[in-house]
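The block underneath contains the structure these notes are about, expressed in structure tokens.
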Amino acid sequence: MDTKRLSAKLEKALSAQMNVEDLQSHVYLSYGIWASDEGYEGIANFLFRHAQEERDHAIKFMQYILNRGGKPKVEALPSPGKDPKSLTDCFNLVFQHEVDNTQKIYELVDMAMAEKDWATWNFLQWFVQEQIEEETLAMDLIDKLKIAGGDRATDESLFNLDKTLGVMPDEAESARDATGTNP
Ligand code: FEO
């Protein structure tokens, strides 16, 4: 008896997204290595933690496909790309990666909706929310660097920014967590 609860099309698309999340993890790993090599240990630490989060996202896709009777496929990953040219470039790239990933998640949501696969649609809502947080986090990085002076920041303000990002929480505060008493 066929117990698979995913269409072949969705199984393939979700599996592709598992590989995309893994690639994101490699991208953050490579940016973390770049930042560490440049002497920004706090920023590197932040990027390494984020690489781990992306890996967790890949595992979430893997587990969901398996739970629905499908079989995800691990593919060869493309290169994570060139090193950033500067901290501004690095944070802009992080933001762009997140926006691109949001687009991919939206395409999956569209696909699940077209198939009336509400289980997958529901599973994907976690990622819709997560992408809001990740985009907010990336915007925060850009803002913090701007306040520090951007590429013309002094060594002292970069030192302080590096220290802040080294201990910055991995999750952005989101509207979801706000309540009347905790706006
Ligand atoms: Fe898994 Fe940053 O998206």
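Name the pairs: first residue in the range 48-76 and open to solvent by 30 Å² or more (accessible area, probe 1.4 Å), second residue near the ligand (Cβ under 10 Å from one of its atoms) and part of a helix (DSSP H, G or I), Cβ to Cβ under 6 Å, at least 6 apart or on different chains?
Within 6 Å, the pairs are ARG55/SER25.
Residues that are assigned to a helix (DSSP H, G or I), under 19 Å from the mean Cα position of the chain (by Cα), surrounded by 13 or more Cβ atoms within 10 Å (Cβ to Cβ) and away from the ligand (no atom under 14 Å from the Cβ): does the range 79-88 have at least one? Working first, answer last.
First, pick out the residues of the range 79-88 that are assigned to a helix (DSSP H, G or I): 87-88.
This time we only want the ones that are under 19 Å from the mean Cα position of the chain (by Cα), so: 87-88.
If we keep only those that are surrounded by 13 or more Cβ atoms within 10 Å (Cβ to Cβ) too, we end up with 87-88.
Narrowing further to those that are away from the ligand (no atom under 14 Å from the Cβ): 87-88.
Checked the range 79-88: at least one residue is assigned to a helix (DSSP H, G or I), under 19 Å from the mean Cα position of the chain (by Cα), surrounded by 13 or more Cβ atoms within 10 Å (Cβ to Cβ) and away from the ligand (no atom under 14 Å from the Cβ).
Return yes or no: is LYS73 within 15 Å of the ligand (Cβ to nearest atom), under 19 Å from SER15 (Cα atoms) and either modelled with pLDDT of 95 or more or touching a helix residue (DSSP H, G or I) at 6+ places or on another chain (Cβ under 8 Å) (or both)? I'd like the intermediate steps shown before the answer.
Details: within 15 Å of the ligand (Cβ to nearest atom): no; under 19 Å from SER15 (Cα atoms): yes; either modelled with pLDDT of 95 or more or touching a helix residue (DSSP H, G or I) at 6+ places or on another chain (Cβ under 8 Å) (or both): yes.
Taking the combined requirement at face value, the residue does not satisfy it.
What about GLU53, is it acidic (Asp, Glu), within 20 Å of LEU141 (Cβ to Cβ) and within 13 Å of the ligand (Cβ to nearest atom)?
yes
Output the residues belonging to the range 98-153 that are surrounded by 13 or more Cβ atoms within 10 Å (Cβ to Cβ), more than 24 Å from LEU66 (Cβ to Cβ) and of a type in the set (Asp, Glu).
Of everything in the range 98-153, those that are surrounded by 13 or more Cβ atoms within 10 Å (Cβ to Cβ), more than 24 Å from LEU66 (Cβ to Cβ) and of a type in the set (Asp, Glu) turn out to be GLU98, GLU133, GLU134, GLU135, ASP140.
Across the range 26-47, what is the total count of residues that are open to solvent by less than 30 Å² (accessible area, probe 1.4 Å) and either under 24 Å from LEU14 (Cα atoms) or of a type in the set (A, V, I, L, M, F, W, C) (or both)? Step through it out loud before you land on a result.
Our first condition is that a residue be open to solvent by less than 30 Å² (accessible area, probe 1.4 Å); within the range 26-47, this holds for 27-28, 30-32, 34-35, 42-44, 46-47.
Filter again for either under 24 Å from LEU14 (Cα atoms) or of a type in the set (A, V, I, L, M, F, W, C) (or both), leaving 27-28, 34-35, 43-44, 46-47.
Here the count works out to 8.
The values are calculated or read from the model by the stated rules, or taken from the named source; none is laboratory data. Every value quoted in this text rests on a predicted model; they were computed, and no experiment measured them. Here the Cβ is made from the backbone with ideal geometry for all residues, glycine too, and neighbour counts use every protein chain on show. SASA here: full protein model, heavy atoms, side chains in, ligands and nucleic acids out. Shrake-Rupley method; radii C 1.70, N 1.55, O 1.52, S 1.80 Å.
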